[in-house]
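Reading through the C-alpha cells given below for one structure.
None of the figures in this text is laboratory data; all of them are computed from the coordinates on show. Since the structure is predicted, the reported quantities are computational estimates derived from the model, not experimental observations. When we count neighbours, we look across all protein chains shown, and the Cβ atoms used for this are built from the backbone with ideal geometry, even at glycine.
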Amino acid sequence: MKWKFKSYSVLPGFGLTMGCTVVWLSLMVLIPLSALFLRASGLTAEELWKTVTDPRIVASYRLTFGAALVAAMINAVFGFIVAWTLVRYDFPFKRLIDAFVDLPFALPTAVSGIALTAIYSKNGWIGQYLEPLGIKVAFTPLGITVALTFIGLPFVVRTLEPALHDLEKDTEEAAAILGANRWQTFWRVILPALLPSLLTGFALSFARAIGEFGSVVFISGNMPMKTEITSLLIITKLEQYDTTGATAIACVMLLASFVLLGAVNSVQWYISHRSRGGS
Amino acid sequence: MSLTPASAITASDTSTNAAVPHQETVPVAVQKNHSRSAVQSIKTSTNEPAWIRILLIAVTIGFLSLFLFIPLAAVFTEALRKGWGTCLASFRDPAAWSAIKLTLIAAGIAVPLNMVFGLVASWAIARFEFSGKSLLITLIDLPFAISPVVSGLIFVLLFGSSGWFGPWLAKHDLQIIFAVPGIILVTIFITFPFVARELIPLMQEQGSEEEQAAISLGAGGWQTFWRVTLPNVRWGLMYGVILCNARAMGEFGAVSVVSGHIRGRTNTVPLHVEVLYNEYNFVAAFSVASLLAVLALVTLAMKTLVEIRLERQMAEAQATSSTHST
C-alpha cells in the first residue's frame, strides 16, 4: 500500500501521458472504428440479414472458416512438434531454425502469396510432382489452406515455447518414479499442462487466418462460390460502390474475431488463476 | 556439486535439463536406493527413445522446410530466373522507384509516431495505478484483432466519397482515400499496438524504483525519462520498432483497400508486386518481392540480436534483484 502511494506522488507526468494516450488512441483507433459500427447500426435488420446470408457470401464463410480451421489444426499438431524439438532437443542450426519460425510475421503477405503460388502451380517445385497424382493445390481450397497454414505457423510455436520452458522436469520424474511409462507421462502429465497454451496458439492462428488476405488472393484463384474468401468479397463490394454491403460483411468478420479473442482471453485468465492457486 | 547418482543423471542429461532449476529435488529418492536399474528406468522414462527424437527432429525440419524455407528460396530463384541483369532491370522502372519512395514515406511517418505513442502510453500504464487500466490495454491492442481488409474499409467509411467526411473533403478539394494520406493513416492504424505492447510488460517487470530514486535525488521528469527510463527500455523499444517497421513496410490488405492502385502514385512496394504479378511480369514481380524478402531477413536477424540482448538484460536484472534481496 505504501509503495503504491509513493508511486502516485513521486513520478511526474501522469496527466500529460495519460491525456496524450487517450486522445491519440481515440483519434486513430476508436473514432474510426465507431464509424464502422455507426454505419452498420444504420442498416435495417432485414437489409443486414439479406446481405450476410447471400449464397455467394455464405459460400465464402464456409471456405474461409473451414480452411482457417484446418490450417489451425495442422499448426496445432506440427507447431507442437516444432516447439517440443526446439525446446527439448539439441541439433545443429537450432538457433537459426528457431529464428526462422517468425518468417511469416516478417515476410510481407503479398510476397508469401506469390511464392506459394509459384511453388504449387502446375510447373512449380512441388506442384509438378503433385499434378500427376491428381492433386491440385494452387487455385483450389487446398491452396488456401496451405497459405493459411504458413500465416498461422508462428502462433502455436511461440505460445508453446515459454510454456514448455516453464514445465518443470520434476513432475515428469515423479510420474516416472510412480511407474508411468513415457507415453503415459506425456498424455497424463505433459499434455494437460500444455493444453491451455496449445489452445491459445490454436485460437490465435485461427483468428489470424480468418482475416488473412494478402497471401490468399494469389493462390486462391478467386472463383465465385468456389475459392472466394470473405475478405475478398468486402473488396469486391467496395469496388461496386456497395459500402453498405461491405460494412455488413465486415461486421460479421469483426464479430467472429472478437468472439475468438474473447475465448483466448478467458483461457489466459484460466491459466493465470490456476497457476496462482497452485503456488 | 558432488557427483551423487542424482546429479549424474542430470549431468548426463544437460541437453534436456538445462532449463530446469530444481535438478536435485526428486532423484533424492533414487540416491537413497543406490539402485542402478532405478536410475536407468527414470532416465529412459523422462526422455524419449533416440528413434523418436530423431523422428521428431526430422518432422520439424521437414515441416519448416516445406512451409518456410522452400517459399523463401522460391522468391530468390524466381527473381534470378533470367539472370541478374533482368532482375536488376526491374528496379530501373520509375514505378518501382515511386513505390519504394512511398513505402519509405509511409513507414517513416507511421513508425516514429507509433514509437512516441508507445513510450507515452507505457509511461502512463506501467508507472501508475489507475482503474480501467486493463480496458485501456485491450483498446490499444484492438487493431491486431481487426483483419487488414476491414481496417482499410474503416478509413473508406470515414473519408471515402460517401463517408462521414467525404462531402467536406470534396468541397475543400482534399483527397485522403486513393491518395497518400490514406495510405499513411491505415499504416498507422495497422501498426498501432506494436511498440506499446512490447514496452508495457517490460516496464511493468522492471518496476519504477530506479525512476523514483532519480526523482528523489532531484532529477526532473524529462531528465529521469532520458537518463533512466529510456536506457533501461532501449532494447525492448528496438524490438517493437523492428516489428512495427516490418509490418508497416509489408502491409498489403489494408493499404490495397485505400490506395486505388494508381501506378507511380499510390502504389507501395507490396502493391507494386501485385500489379507486376497480375500483368504476368513474373521476373519483375519476384525481383521486387525479393527486396521485401531481404527486408524480412534483416528484420529476423535484428530481432534475434535484440532478443539476445533482452535476455541478457533480464538475467542481469534478476541477478541484481536477487543480490539485493539476500
In region B:176-238, how does Rg compare with the Kirkwood Rh, expressed as the Rg/Rh ratio over alpha carbon atoms?
1.21
Bins of 10 Å, beginning at zero and ending with the bin holding the largest distance: percent of Cα pairs per bin for region A:124-206, please.
16, 29, 22, 20, 12, 1
How big is the Kirkwood radius of region A:1-120, worked out from every pair of different alpha carbons and given in Å to one decimal?
20.9
Starting from 0 in steps of 10 Å, tell me what percent of the Cα-Cα pairs of region A:80-183 lands in each bin.
13, 30, 27, 18, 10, 2
At a Förster distance of 30 Å, what's the computed FRET efficiency of A:Trp269 paired with B:Ala315, Cβ-Cβ distance as r, to 0.05?
0.55
Share of Cα-Cα pairs in chain A beyond 24 Å, whole percent, is 64
Looking at region B:247-302, which chymotrypsin sites (Phe, Trp or Tyr not before Pro) are in a loop (DSSP not H, G, I, E or B) and have at most 12 other Cβ atoms within 10 Å?
B:Tyr280
Relative contact order computed over region B:83-325 (Cα-Cα under 8 Å; 6+ residues apart), in percent
30
Whole-number value, in Å³ per residue, for the convex hull of the alpha carbons of region B:229-326 is 117
Largest first, please: the extent of the C-alpha atoms of the protein assembly as shown along each principal axis, to the nearest Å.
86, 74, 56
Under a 10 Å cutoff between Cα atoms, tell me which one of A:Ala180, A:Ala71, A:Ala118 has the largest fluctuation in the Gaussian network model of chain A.
A:Ala180
Please compute the contact order of chain A in relative form: average sequence separation of alpha-carbon pairs under 8 Å and at least six residues apart, divided by the residue count, as a percent.
28
Convert 10 °C to kelvin, take the viscosity as 1.306 mPa s, use the Kirkwood radius over C-alpha pairs of region B:83-325 as Rh, and evaluate the Stokes-Einstein diffusion coefficient in µm²/s, rounded to a whole number.
79
At 18 angstrom or more along the helix axis (alpha-carbon based) and mean Kyte-Doolittle of 0.0 or higher, what helices does chain A contain? Whole DSSP H runs only.
A:55-88, A:141-166, A:191-211, A:243-278
Roughly how many whole Å is it from the C-alpha centroid of region B:59-99 to that of region A:171-198?
44
